[in-house]
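Single-structure report; data block below.
Values in this text are rule-based calculations from the coordinates and carry no lab data. Note that the coordinates shown come from a computational prediction; the quantities given were computed from them, not determined experimentally. A quick note on method: Cβ atoms are made from the backbone with ideal geometry, for glycine too, and the neighbour counts reach across all protein chains shown.
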Amino acid sequence: MDSLLTQLHFSTGEISDLDEMMVIEHASFSRPWTEGMMLAELFNNPVAFSMVVRAGEDEKIVAQVFMRLMLDELHLLNLGVHPRWRRHGLGTQLIQHVLKTAIEKGTERVILEVRASNEAAQGLYQKMGFRQIGLRKNYYCKPTENALLLGCTLEDIQAFSETETKQEIENQGKIKINACNIINTP
Ligand SMILES: CC(C)(COP(=O)(O)OP(=O)(O)OC[C@H]1O[C@@H](n2cnc3c(N)ncnc32)[C@H](O)[C@@H]1OP(=O)(O)O)[C@@H](O)C(=O)NCCC(=O)NCCS
């Protein structure tokens with residue numbers, strides 16, 4: 001692994017991070033969020049939060065994710081890794097970190113949408129135990145495309161399959177593992 005990636009720091013996104021976040025956003029999506037959208041999401045939405053990963057001596061942001069936590073359901077909205085650092089396990093580590101935090105907050109299931117053609121992201125989510133639970137027709141534009149609705153319960157999350165972590169969480173009685181009960185969209 002590149003030495004830059006041996007020391008990663010996870011933190012919530014701040015207003016001062018916006019410029020760096022916009023760079024990753026624009027490098028990641030054909031229809032990127034605007035600065036206004038990010039600000040509104042982060043600071044005017046009580047159920048929204050973000051997490052960034054910093055690396056290297058200069059602590060540059062190398063990955064980020066925006067989410068909404070509603071009751072016991074976490075909705076991953078927007079995940080991006082800096083193009084220079086893709087395929088180094090950062091997306092995996094960020095999602096693992098998010099899921100750990102989400103469990104502490106009482107999350108029981110996680111959902112997200114992904115472009116039908118986005119094999120990279122689908123590969124990542126599949127490895128982490130997500131599975132398709134629905135389809136949202138013409139959800140995306142630029143280009144118009146269906147979204148696969150993916151979901152997982154805590155049980156599905158392979159990132160937490162290390163017996164120690166799972167056992168520790170179950171013992172704490174913080175979570176209740178149920179079968180996925182998310183209703184498929186039409
Ligand atoms: C999707 C994305 C977040 C993945 O981040 P990443 O840090 O490169 O992912 P990881 O290195 O943790 O890869 C984990 C797994 O995902 C899959 N994967 C990641 N990139 C892939 C690619 N280019 N092609 C095929 N599979 C890929 C692989 O299964 C990989 O495991 P492996 O390396 O053992 O084969 C990144 O490519 C990205 O930012 N893309 C643009 C924005 C985006 O599509 N976001 C998701 C929106 S739903």
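Looking at this structure, is Asp17 exposed (fewer than 14 other Cβ atoms within 10 Å of the Cβ) and farther than 23 Å from Cys152 by Cα?
Details: exposed (fewer than 14 other Cβ atoms within 10 Å of the Cβ): no; farther than 23 Å from Cys152 by Cα: yes.
Answer is no for this residue.
Output the number of residues of the stretch 108-119 satisfying the condition of being free of Cβ contacts under 8 Å to residues at least 60 places away in the same chain and either buried (at least 18 other Cβ atoms within 10 Å of the Cβ) or within 17 Å of Gly151 (Cα to Cα) (or both). Even if it seems obvious, please write down each step before you answer.
First, the residues of the stretch 108-119 that are free of Cβ contacts under 8 Å to residues at least 60 places away in the same chain: 110, 112-119.
Narrowing the set further to residues that are either buried (at least 18 other Cβ atoms within 10 Å of the Cβ) or within 17 Å of Gly151 (Cα to Cα) (or both) leaves 110, 112-116, 118-119.
The qualifying residues number 8.
Could you please give the count of residues in the stretch 7-21 that are in contact with an Asp or Glu (Cβ under 8 Å, 6 or more places away or on another chain) and assigned to a strand (DSSP E or B)? Before you say what the answer is, go through the steps one by one.
In the first step, residues of the stretch 7-21 are kept if they are in contact with an Asp or Glu (Cβ under 8 Å, 6 or more places away or on another chain); the result is 9, 18.
Next cut, assigned to a strand (DSSP E or B) only: 9.
Of the residues in that region, 1 qualify.
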How many residues are within 10 Å of the ligand (Cβ to nearest atom) and surrounded by fewer than 18 Cβ atoms within 10 Å (Cβ to Cβ) if we restrict to the stretch 122-133? 4
